[in-house]
1. If you average the alpha carbon positions of segment 89-125 and of segment 127-145, how far apart do those two centres end up, in angstrom?
2. Semi-axes of the equivalent ellipsoid for segment 349-506, please: Cα gyration tensor eigenvalues, times 5, square-rooted, ordered largest first, whole Å.
3. Based on the alpha-carbon gyration tensor of segment 259-406 and its eigenvalue square roots a ≥ b ≥ c, which shape applies: rounded if a/c is under 1.5, prolate if not and a/b is larger than b/c, or oblate?
4. Below 8 Å, C-alpha to C-alpha, sequence gap of six or more: please give me the relative contact order for the chain in percent.
5. Using the Cβ atoms and a cut-off under 13 Å, what net charge is assigned to the surroundings of Leu189, where Lys and Arg are +1 and Asp and Glu are -1?
6. Distance from the Cα centre of segment 561-620 to that of segment 2-42, in angstrom?
7. Mind checking the full-extension length gain between Glu668 and Ala605? Use 0.36 nm per residue of separation minus the Cα-Cα distance, one decimal, nm.
8. Please compute the contact order of segment 322-388 in relative form: average sequence separation of alpha-carbon pairs under 8 Å and at least six residues apart, divided by the residue count, as a percent.
Amino acid sequence: MSENGLPFSGNITPAEADSVRAAIAIPAHVVQAKGHGHGGTAMALAPLAHVLYQRILRHNPNNPHWLGRDRLVLSAGHASLLLYVQLFLTGYGLELDELAKSRTLDSRTPGHPELGHTPGIEMSTGPLGQGVASAVGMALAARHGRALFAPNLPRLDSTTWVIAGDGCMQEGVSGEASSLAGTLGLDNLVVIWDDNNVTIDSTGEAAFSEDVRARYAAYGWRVLEIDDASDLDEIERVLTEAKSRDGRPTFVALRSVIGAPSAEFSGKPAAHSGGFGDDELAAIKTSLGFAPDAPLEALVTDDALSFARGALTRGQTLEDEWNAALATWKAAEPEAASTWHAFRNPDGSAALGALESIELPAVGTPSATRKLNSVAIKALQNVSSLWGGSADLAGSTGVEVPGSAVTASNPGGEFIRFGIREHAMAAILNGIAIQGPWRPFASTYLVFSDYMRPSIRLAALMQLPVIYVFTHDSVAVGEDGPTHQPVEQIASLRTVPGLDVVRPADAAEVVSVWKRLIAQPAGPTALIFSRQHVPVLHERDDLDAKVAHGGYVAWQHGEGLDLALIATGSEVSLALEAAEALAAEGVSARVISMPGVEWFAASDAAYRETVLPAAITARVAVEAGRGDGWYRWVGLNGEVVSIEEFGESGSGAQVMARRGITLGAVLEASRRTLGR
């Protein structure tokens, strides 16, 4: 308790004290009024958030998308009110009644922060640890951009700030990403750990007894302490040190008491969520100098709002200074400035030209689709915003590119070594994409996409233009056995709303897929390539346009109205074999290659009818994985030739045959559906 009786201290004016009082009281009032929500952390960290927004962050509420701003990520996303209160107070366009509407349908203050939904929110958070890991990507991208374009312009390299809780520290994804951040020396990254020793079920030591500070020191981070989360001056002093650069990311351990200043709930798991009760809310308001029955609007005095809105003036000054420094740099280094501008405003023509120049293998040539994808990535390296790496599998998955890796001493490296950290790799991609304008990619074996799913889901939720390069696409992986043979992964990825799952049939389709990705850089895409060789199919007219639609007729006999064989990837050539065999029996069949099911579904109905006419009732889908989703296209009277159980250890051809992906199986399925 400070000398003036308030539950925070610092050398501040009465108006500033009013602003902090409001920031503490609003969450307690809103959560109690609604009967649900997370007020405890928002209350305890209100002094921290106040110092960040008023004294530390380089931000401008007049322009939430200012390129030169710092980024603040609330990894502990349940405490969304912590940010919403500051966005309201400092002038980002939120109003007080929108705080009251938090967690309600159509409000601009959802239960967890959502990118693009609320001004001033930098990413969608909620799954714990994701914010920490994605912030590593933001810091990595910012550092990389400055190294490439403006090493002499420090202002181009913003600081990425994170507020994390005990849950974030316990989730493995944050540890993976923090380990890499230390290795890469990301000194433009600051993680503030809310060390309150409380989780939902218990106090922290019940399940979390490790020395987190020592862990981060072992990662190679600078570790700082804030012993009193209510001391504004101490917070400012430590955070000012934290944003100074010394070659290491910075970890700030801040000791707080969740639910403070509540006498009844402080430091208890019950403070995590839900209201404190009318009597305790009245006591909290009284401790802050408000009337016990003060309504929401009475918690924000004119003086408090006037002080807080000073952030508008401060922010505009910071942006004006940044713009002036940028103009000076452009005048002094026009060539570098021109390159930087072109990078931030690409037209895609150079990338498309590079893809056009790729020489395809001859028709019939056996070639794994991962190999042609490798050629495409190399072609795009210096003519697009494509940038990424792999989880220690670059040579095997075909994403290795010329040049050197990003390191602490080489932030401008041509590729990223993520190490064996698939979960963090996917989250870091999200951060790189948010920071922009990079088109980040990362690669591993398809079976390990399961490690990446939480981050893939967030990428789809935020519609980030990230690219996942998955290879070794089926049980045809072979001798490595069922642990490495994907069966359910393709079908599972297709269930993620907003994720495009693309499985090209041959080298020509690979190039056409990349052309669509360059021309339409929206949303995440999972590219799935074969390890085994597949033949380059016959010449096809207008392939780029057909692949861009997600599905097309690759071959047909006659009018192709007796039977439709639908396939993806390596199974397209198998479907062609079956169609040709059936044609010899007089069956008018067509083969539909459908590399992008989501793309095909999004095409207009008239186009889909030209490819898969309603008149064709005999339909068979062929894919070396779970087949449940294909009944959408073949109907209940159709057939699906698929794999419905795990594989075995043996050669790829042997396992595919044992699991029923054979010419005979396709022919039998075709004859059954033709006979119905």
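1. Comparing the Cα centres of segment 89-125 and segment 127-145, I get a distance of 22 Å.
2. Taking √(5λ) for each eigenvalue gives 22, 21, 16 Å, largest first.
3. In terms of gyration-tensor shape, oblate.
4. Answer for the chain is 12 percent.
5. +2
6. 63
7. 19.6 nm
8. Once divided by the residue count of segment 322-388, the mean separation gives 34 percent.
The values are calculated or read from the model by the stated rules, or taken from the named source; none is laboratory data. These numbers come from a predicted model, not from an experiment. Neighbour counts are summed over all protein chains in view; Cβ atoms, including those assigned to glycine, are modelled from backbone coordinates with ideal geometry. Each accessible area value is taken on the protein alone, full model and side chains, heavy atoms only, with ligands, DNA and RNA left out. Shrake-Rupley method; radii C 1.70, N 1.55, O 1.52, S 1.80 Å.
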